[in-house]
Amino acid sequence: MADKLNTGNTEQVYNVREDEAISSGVALVLCVLVQRGVFVAGFSITKELLTIHYSEYSSTRPVWELDFFEQLFASEPLLAVREKVKGVFLAGDKNLVVPDELYAAADAEAWLRKIHFVEHSDRVAAFAMENDKAQLLQAFPLNIVELVKINFKRATVLPLQEYQLEHSDTQSLHLQCFITRDQVFATLHNYSQLLWYQVFDYTCAEDIAYTFKNLCKENYIDAAKLHLACTTVSGSEYDVINELTRYFPSVKSGNGRAIQSRWDPAVCLANQLLACVL
């Protein structure tokens, strides 16, 4: 992994092997937009993960700062050939899950706007959750949505939660959590049944543990038996996951395997997202 600062932004690079020309073998690209950063993964023609690039900017600047995303899209080498970008995942924190039998587009959007502060200019979109017979509503800044459309016309655009909601594990009582520098996207399933879903901010691992412990208490779940499947946006969140092992014995990477390196959870994220667009 290589870290560097560039005009106030932090960049991290992970390559599966030491090879300066590794990016030349990239044939498929996925990216994830989080509120202050962009995760980009490059795969070979045989769908082997080759490299991950992650860039973010300081928390002192506003979320979804358009200039950052415009400049990143223009300067990131993995995004240079737009046709290679097969999927763009939006990690928006203004969400609402509505069962199909209650869903009406206008009413559901009104509910979303009552629950979250949604700008009039924000774009509200619905995504079908076929496994749970429900709709996931997500509000996202319109200028970011339009920027994605302009730059990646052929890419499939999905909410980040797609890999958690529609491609969940089949084991009992498993909690999937995607961790960024300051947010957690979490779902609790019992086999394929969705029991709980939440996006929340955190400042330290104890905040995450507190939320999950309360979830266990409210649902009469033995925390010692709860499986945590963790993915991350970069190698930096490894320390947070490591801290979580103090509270939950079964903390694994998103694929259920032991976490052996800082980048294992981010590598797992890339592979799980690829499965959503192929």
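Values quoted throughout were computed directly from the atomic coordinates according to the rules given, and no laboratory measurement underlies them. What you are looking at is a predicted structure, and each value in this text was computed from that prediction instead of being measured. Cβ coordinates were reconstructed from backbone atoms using ideal geometry, including for glycine residues, and neighbour counts include every protein chain displayed.
My understanding is that a pair violates if its Cα-Cα distance is over 32 Å; which of Lys153/Lys213; Lys94/Lys217; Lys47/Lys217; Lys84/Lys114; Lys86/Lys252; Lys47/Lys225 do that in this structure?
Distance filter (> 32 Å) returns Lys153/Lys213; Lys47/Lys217; Lys84/Lys114; Lys47/Lys225.
With +1 on each Lys and Arg Cβ and -1 on each Asp and Glu Cβ, and nothing else charged, work out how big the dipole of segment 34-187 is about its Cα centre, in Debye to the nearest 20.
360
So for segment 94-142, averaging the separation of alpha carbon pairs under 8 Å that are six or more residues apart and normalising by length, what relative contact order in percent results?
49
Given bins 5 angstrom wide, list per bin the percent of all Cα-Cα distances in segment 163-277, short to long.
Percent of pairs per bin, in order: 2, 13, 25, 28, 21, 9, 2, 0.
Rounding to the nearest 20 debye, state how big the charge dipole of segment 1-102 is about its Cα centre with +1 on each Lys and Arg Cβ and -1 on each Asp and Glu Cβ.
80
Once you keep just the Cα pairs under 8 angstrom separated by 6 or more residues, what percentage relative contact order results for segment 2-90?
31
Among Ala125, Thr211, Phe200, which residue has its Cα positioned farthest towards the positive end of the charge dipole of segment 122-218, with +1 placed on the Cβ of Lys and Arg, -1 on the Cβ of Asp and Glu, and the dipole taken about the Cα centre?
Result: Ala125, furthest along the dipole toward the positive end.
May I ask for the Rg/Rh ratio of segment 94-142, computed from Cα atoms with Rh as the Kirkwood radius, given to two decimals?
Taking Rh as the inverse mean 1/r over Cα pairs, Rg/Rh reads 0.96.
Assuming a viscosity of 1.306 mPa s and a temperature of 10 °C, what translational diffusion coefficient in µm² per second does Stokes-Einstein assign to the chain, Rh being the Kirkwood radius over Cα pairs?
This corresponds to a translational diffusion coefficient of 82 µm²/s.
So which trypsin sites (Lys or Arg not before Pro) in segment 112-146 are both in a DSSP loop and have at most 16 other Cβ atoms within 10 Å of their Cβ?
Lys133
Name the long-range amide H neighbours of Lys94: under 5 Å, sequence gap of 5 or more, or other chain; modelled H, no Pro or chain starts.
Ala139
Tell me, what is the FRET efficiency for Trp111 and Ala74 to the nearest 0.05, using R0 = 30 angstrom and their Cβ-Cβ distance as r?
0.20
Give me the distance between the Cα centres of segment 107-125 and segment 49-104, rounded to whole Å.
Centre-to-centre (Cα) distance: 20 Å.
Just to be sure I understand the model, the point goes 7 Å from the Cα along the line to the Cβ. What's the resulting Ser250 to Asp182 distance in nm?
According to this spin-label approximation, the distance is 3.4 nm.
Rg over Rh of segment 2-90, using C-alpha atoms and the Kirkwood radius, what does it come to?
0.97
Rounded, prolate or oblate for segment 134-217? Axes are the square roots of the Cα gyration tensor eigenvalues, ordered a ≥ b ≥ c, and the cut-off for rounded is a/c under 1.5.
oblate
Which residue, Lys252, Lys84, Lys225, has the most motion in a Gaussian network model of the chain that connects Cα atoms within less than 10 Å?
Per the Cα network of the chain with a 10 Å cutoff, Lys225 tops the list.
With labels modelled as points extended 7 Å from the Cα through the Cβ direction, what inter-label distance (nm, one decimal) is found for Asn143 paired with Asn190?
Taking the two extended label points, one gets 4.6 nm.
Placing +1 on the Cβ of each Lys and Arg and -1 on the Cβ of each Asp and Glu in the chain, which of Leu28, Ala229, Pro265 has its Cα farthest towards the positive end of the resulting dipole?
Leu28
Output wanted: per-residue J couplings in Hz (rounded whole) for segment 243-259, from phi through Karplus 6.51 cos²θ - 1.76 cosθ + 1.60, θ = phi - 60°, x for Gly and Pro.
5, 5, 5, 5, 10, 10, x, 9, 10, 10, 6, x, 8, x, 9, 5, 8
Find out how many positive minus negative residues lie around Glu65, taking Lys and Arg as positive, Asp and Glu as negative, among other residues whose Cβ is under 13 Å from that of Glu65.
Once positives and negatives cancel, what remains is -1.
Are there any GluC sites (Glu not before Pro) in segment 19-97 that are in a DSSP loop and have at most 10 other Cβ atoms within 10 Å? List them by number.
Glu20
Using helices alone, what [θ] at 222 nm do you get for the chain, with -39,500 (n - 2.57) per DSSP H run of 4 or more residues, divided over all residues and rounded to the nearest 500?
-7500 deg cm²/dmol
Normalised by the number of residues in the chain, what is the relative contact order in percent for Cα pairs under 8 Å and 6+ residues apart?
14
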